Amino acid sequence: MTRFTLLGVPIDPITQEQAIEWVAVALAEGRPKLVVSVNPERVMQAGRDPAFAAILARADLALADGAGVEWAARRRGHPLPGRIPGVDFVQALAARGATDGWRFFFLGGAPGIAEAAGRVLRKRHPGFILAGTFAGSPDSAEDANSIQAVRASGAQILFLGYGGGAEEAWLARNLERSGATVGMGVGGAFDFISGRARRAPPWMRERGIEWLHRLTMEPWRWRRMLALPRFVVRVLREPG
């Protein structure tokens, strides 16, 4: 794969199947690897926050998540082989991990949600190992407790549900100390997998308008959704 940047944010043009194999190799090598999910909201956040932009730039694997990123990459001459939504990637890794004996840890999420997501994944993929869960906090003052929980579990893959920016910052500080090999922020994936939140129907996801479903279900997100038109404007106006 040949990495490129979109408004300064790295993206690796890779399929979901290739990304799963990448994780398998990373686990075999055993060195900590940071995976990030790139969507328009994160690209815009990186433009406002140099520290966050620096974390994304250091990522070992940057996955394209969202129709907006797919459109922008194509417009910039970097057509992608497809999108890799975070929730889909979590489920695909769970399926592979159930076969290969990978150990997962879910950090963050509302009380009980990570555990519920784990039960769903165990039912779908017999053999799936959820080594542990911990609500914890993205606050650096609470890092020691979260690190201890992850290390004690012996997990290899660490998923965080603290929301964009906070989860990447946590991993940048603590992935190596956590004992996990692959770390990735997955936003609301625990909510979707557990059933606490409902995903857009397939026809909306296929047409790249999942954002409209989410706005309908959670209208309080309208301010955050303003990142989408601003992202389009930046792609049309700015180089790089």
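The values are calculated or read from the model by the stated rules, or taken from the named source; none is laboratory data. Remember, predicted model here, so these are calculated numbers, not experimental data. For neighbour counting, all protein chains shown are included, and Cβ atoms are generated from backbone atoms with ideal geometry for every residue, glycine included.
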Filter the range 41-66 for residues that are charged (D, E, K, R), surrounded by 18 or more Cβ atoms within 10 Å (Cβ to Cβ) and closer than 23 Å to A26 by Cβ and give the result. R42, D65
Those residues of the range 72-87 which are among the small types (G, A, S) and either surrounded by fewer than 18 Cβ atoms within 10 Å (Cβ to Cβ) or within 14 Å of the chain's Cα centre (by Cα) (or both), in sequence order: G77, G82, G86
Search result, residues across the range 164-180 that are part of a loop (DSSP other than H, G, I, E, B), in contact with a strand residue (DSSP E or B) (Cβ under 8 Å, 6 or more places away or on another chain) and surrounded by fewer than 21 Cβ atoms within 10 Å (Cβ to Cβ): G164
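Residues of the range 53-95 being more than 25 Å from P126 (Cβ to Cβ) and of a type in the set (V, I, T), which ones?
Selection gives I55, V69.
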Matching residues in the range 108-142 - criterion: being among the charged types (D, E, K, R) and in a helix (DSSP H, G or I): E115, R119, R122, K123, R124, E142
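Specify which of the listed residues (V35, V69, V23) is closer than 13 Å to E168 by Cα, in contact (Cβ under 8 Å) with a residue 12 or more places away in the chain and crowded, with 23+ Cβ neighbours inside 10 Å.
Going through V35, V69, V23 in turn, just one is closer than 13 Å to E168 by Cα, in contact (Cβ under 8 Å) with a residue 12 or more places away in the chain and crowded, with 23+ Cβ neighbours inside 10 Å: V35.
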Check R173, R103, R196 and return the single one that is at pLDDT below 95, basic (K, R) and within 19 Å of the chain's Cα centre (by Cα). R196
Given the criterion at pLDDT 95 or above and in contact with a strand residue (DSSP E or B) (Cβ under 9 Å, 6 or more places away or on another chain), identify the matching residue among R58, R76. R58
